[in-house]
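Engineer: Before we start, here is the structure in question, set down as structure tokens.
Computed from the coordinates by the stated procedures, all read-outs in this text should not be read as laboratory data. As the structure is a prediction and not an experimental result, all values here were calculated from the model. Neighbour counts are summed over all protein chains in view; Cβ atoms, including those assigned to glycine, are modelled from backbone coordinates with ideal geometry.
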Amino acid sequence: MTDAITQLKDDHEKVEKLFKKYEDTTDRAIKTRRKLVDQMIEELTIHAAIEEQAFYPISRVLSDEAQDQTLEGLEEHHLVKITLAELEKLDPTDERFHPKVTVLMENVRHHVEEEENDLFPMMREAFGRNDMSDLGDALDEARSTAPTRPHPASPDAPPANLVTGLVAGIVDRIRDKLPG
């Protein structure tokens, strides 16, 4: 049982490692860049889904300040999902691929900084260890069925996101197993 904030921070670190690997590539590393961006797409899509399904509904009702942070986070997720959907279809040789990845990294880093410096401390202060552990279990459950591909037009708040997220997650995981 890993508590919710530890899980989310671990996700942030995993994505940051992918960003750094991408930044270490050259323009000639086309296959490597594609692979790294595909990993970013999967990690960020899952992360956004579990936050939206299990974490944000709790943080949103914590306080007015936490609600503002959560709503801003949802908007940041929406922009990231749009960028991920575009990157999923974009060839790494396209002149807009690298700039789009750069903007993605900037947006995600901004989002992570705000969550870790503002929202997470509010949640830690408001909830005890057992509550954070229970919320971690909820994140685990959400992760097991979360979409692996971006769906920017899907709802991002319960109850609608719980249904569409589950269906999208099942379809995505089947598509992920198909060749090509």
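Engineer: Longer than 20 Å from Cα to Cα, which of LYS21/LYS100; LYS31/LYS81; LYS14/LYS35; LYS9/LYS100; LYS35/LYS89 are they? Say none if no pair is. Before the final figure, lay out the partial values.
Structural biologist: On the way: LYS21/LYS100 16 Å; LYS31/LYS81 22 Å; LYS14/LYS35 15 Å; LYS9/LYS100 24 Å; LYS35/LYS89 13 Å.
Long pairs (Cα-Cα over 20 Å): LYS31/LYS81; LYS9/LYS100.
Engineer: Let me ask another. Can you list the residues, at least 5 places off or on another chain, whose amide H is less than 5 Å from the amide H of THR148, using H built in the peptide plane?
Structural biologist: So THR148 has HN proximity to ASP172, ARG173.
Engineer: While we're looking at this one, here's another question. Restricting attention to segment 43-152, which GluC sites (Glu not before Pro) occupy a DSSP loop and are surrounded by at most 12 other Cβ atoms within 10 Å? Provide the component values of the computation, followed by the final result.
Structural biologist: Numbers: sites: GLU43, GLU51, GLU52, GLU65, GLU72, GLU75, GLU76, GLU86, GLU88, GLU95, GLU106, GLU113, GLU114, GLU115, GLU116, GLU125, GLU141; in loops: GLU95.
In loop regions of segment 43-152 (DSSP not H, G, I, E or B), the sparsely surrounded GluC sites (Glu not before Pro) are GLU95.
Engineer: Step through the residues of segment 33-50 one at a time and calculate ³J(HN,Hα) from phi using the Karplus curve (6.51 cos²θ - 1.76 cosθ + 1.60, θ = phi - 60°), rounding each to whole Hz and writing x for Gly and Pro.
Structural biologist: Rounded to whole hertz, the list is 4, 4, 4, 5, 5, 4, 5, 4, 4, 5, 4, 5, 5, 4, 4, 4, 4, 5.
Engineer: Quick one: length gained pulling SER133 to VAL103 fully straight, 0.36 nm per residue minus the C-alpha distance? Intermediate values should be presented prior to the final figure.
Structural biologist: Working: separation 30, 0.36 × 30 = 10.80 nm, distance 3.36 nm.
Separation in residues times 0.36 nm, less the Cα-Cα distance, equals 7.4 nm.
Engineer: From the backbone phi of segment 128-145, what are the Karplus-calculated ³J(HN,Hα) couplings (6.51 cos²θ - 1.76 cosθ + 1.60, θ = phi - 60°) in whole Hz, Gly and Pro given as x?
Structural biologist: Here the 3J(HN,Hα) series is x, 4, 5, 5, 5, 5, 4, 5, x, 4, 5, 5, 4, 4, 5, 4, 5, 10 Hz.
Engineer: Another question, then. Expressed in nm to one decimal, what extension gain is obtained for the pair LYS35 and ARG96 from 0.36 nm per residue of sequence separation less their Cα-Cα distance?
Structural biologist: Values: separation 61, 0.36 × 61 = 21.96 nm, distance 1.68 nm.
Difference between extended and current length: 20.3 nm.
Engineer: Please go through segment 60-124 and write out the trypsin sites (Lys or Arg not before Pro) that DSSP classes as loop and that have at most 15 other C-beta atoms within 10 Å.
Structural biologist: Values: sites: ARG60, LYS81, LYS89, ARG96, LYS100, ARG109, ARG124; in loops: ARG60, ARG96.
Sites meeting the loop and neighbour criteria: ARG96.
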